[in-house]
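Report on the structure given below.
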Amino acid sequence: MRLLNFLPTLFLLIALPAGADALRCGEYRSTDGGMALVFTTPSTGYRHNHISEPEPLWVDRSAARTRLVMLDDGVAEPIRISADGQRIEDDVVTVYTLRQARACTIEPTAMDGSCRAAGSHCIAQLPMASPGQAQRACNEGVGAGCSTVLRQLHDEVTAVGSDDIGPARFERPPVCREHTPGHDPRACEALTDDALVAAMQRVGERLQQEDEDTLDSRLAAAARDHLQQLCLQHRSGRFCVEVAEQQLIALEPALAVQALQVVCDAGRVSACERTAPLRELGADLRLVPLLQVPCGRYQADGGSLDTLTFDDAGRARVDTQDVRALLLDGTLHIRHDNGADYVLGLLANGDLLGLDAFTGYQRYRRPPGAPQFCRERPARR
């Protein structure tokens, strides 16, 4: 009888990875109730709140400190787990308390050389990954890997369909290889911390080197098609937002909305707010060249700039300022205080669509019966 009573505990211990902590499967909720960590197995789960999509994560126990590997953001965050498994604390001093324990599902197998098997060290290698590594991580459901594929296509490190993709394996240092004689958690901690810090420095340096012209340059159609398919296949929230931005830069609003709808379907409220007014357009969700500056008042539902008013002299009122509105390659450019431009396109039904970082996805509508143009005005290039 005692053996029968002991069996459930024995099976639980068998299910946990070797050297596992007291982390429970189930839901941990932050003190303010706004954020949850949900573990479906001892090493996999997701983080979520009620206004955004779940963020998939892995648990990496190879070093002295346990880390949550956030797959979409491409970061590895140290956590502390209480001895009784009831509390989790992160480095930002957010405290999560176990609200509901659940039965664990089957632990996925990590193949040798995979991003999953490398854990935090995969994340550390992504900023300098080969195209083969980036594509492998993406195929394994690591959103940050998909984002690396996008960056490499943007930087022309690789081309769609290229055979020259480099190595496609991720490796841990020998001292970080669990279940081997050389595994040393303390030595691994130092190497892991150094690798993650170096990775963040490389990301920062790359961002400093990029200028606005590079960020706003259009990807080739083949590259965008490839990225669109990756978004629809892997459905990673952050990556799909990035793909949508590329489609908007390329003046392809229907494809941008398709990519952003993936994020909406996953639970991000702000994405749904952006796509809903545009999905109503149906076949009119396409841009046509603007040949004249619009006329009169256009209104959007919310956003950083919700009202635009154009006069018959080709000027636009933005807040309390009157600024020149210029036509450039079939789109409308309005200069604002920080020296950048609001960029708007003309939808097939006559509405205007925001295309820049400030007005992106905003649909500006004319009051019923208002004229679209004040007078004939030649296009400017």
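The values are calculated or read from the model by the stated rules, or taken from the named source; none is laboratory data. Owing to the predicted nature of the structure, the values given are computational and were not obtained by experimental measurement. Here Cβ is always computed from backbone atoms with ideal geometry, including for glycine, and neighbour counts include all displayed protein chains. Only protein heavy atoms, including side chains, enter the accessible area calculation; ligands, DNA and RNA are left aside. Shrake-Rupley method; radii C 1.70, N 1.55, O 1.52, S 1.80 Å.
Open to solvent by 40 Å² or more (accessible area, probe 1.4 Å) and part of a strand (DSSP E or B): does that describe R29? Considered against the rule, which asks whether it is open to solvent by 40 Å² or more (accessible area, probe 1.4 Å) and part of a strand (DSSP E or B), R29 comes out as no. Residues that are touching a Leu at 6+ places or on another chain (Cβ under 8 Å) and crowded, with 19+ Cβ neighbours inside 10 Å were ranked within the stretch 46-59; the one that is nearest to R274 (Cα to Cα) is E55. Exactly one residue out of C138, C122 is farther than 25 Å from E189 by Cα, of a type outside the set (V, I, T), in contact (Cβ under 8 Å) with a residue 12 or more places away in the chain and buried (at least 19 other Cβ atoms within 10 Å of the Cβ): that is C138.
Within the stretch 261-281, none of the residues are in contact with a Ser or Thr (Cβ under 8 Å, 6 or more places away or on another chain), open to solvent by 40 Å² or more (accessible area, probe 1.4 Å) and at positive phi. Per the conditions (1) crowded, with 19+ Cβ neighbours inside 10 Å; (2) within 21 Å of V59 (Cα to Cα), the sole criterion not satisfied by E107 is (1). A single entry from D112, D184, D155, D91 fulfils the requirement of being surrounded by 15 or more Cβ atoms within 10 Å (Cβ to Cβ) and either charged (D, E, K, R) or at pLDDT 95 or above (or both): D184. Residue pairs whose Cβ atoms lie under 6 Å apart, separated by 6 or more positions or on different chains, with the first residue in the stretch 308-330 and in contact (Cβ under 8 Å) with a residue 60 or more places away in the chain and the second part of a strand (DSSP E or B) and open to solvent by less than 90 Å² (accessible area, probe 1.4 Å), are F310/P294; F310/A316; G314/A325.
Regarding R2, is this residue modelled with pLDDT under 95 and out of contact with any Asp or Glu (no Cβ under 9 Å at 6 or more places or on another chain)? Spell out the reasoning first.
Numbers: modelled with pLDDT under 95: yes; out of contact with any Asp or Glu (no Cβ under 9 Å at 6 or more places or on another chain): yes.
Considered against the rule, which asks whether it is modelled with pLDDT under 95 and out of contact with any Asp or Glu (no Cβ under 9 Å at 6 or more places or on another chain), R2 comes out as yes.
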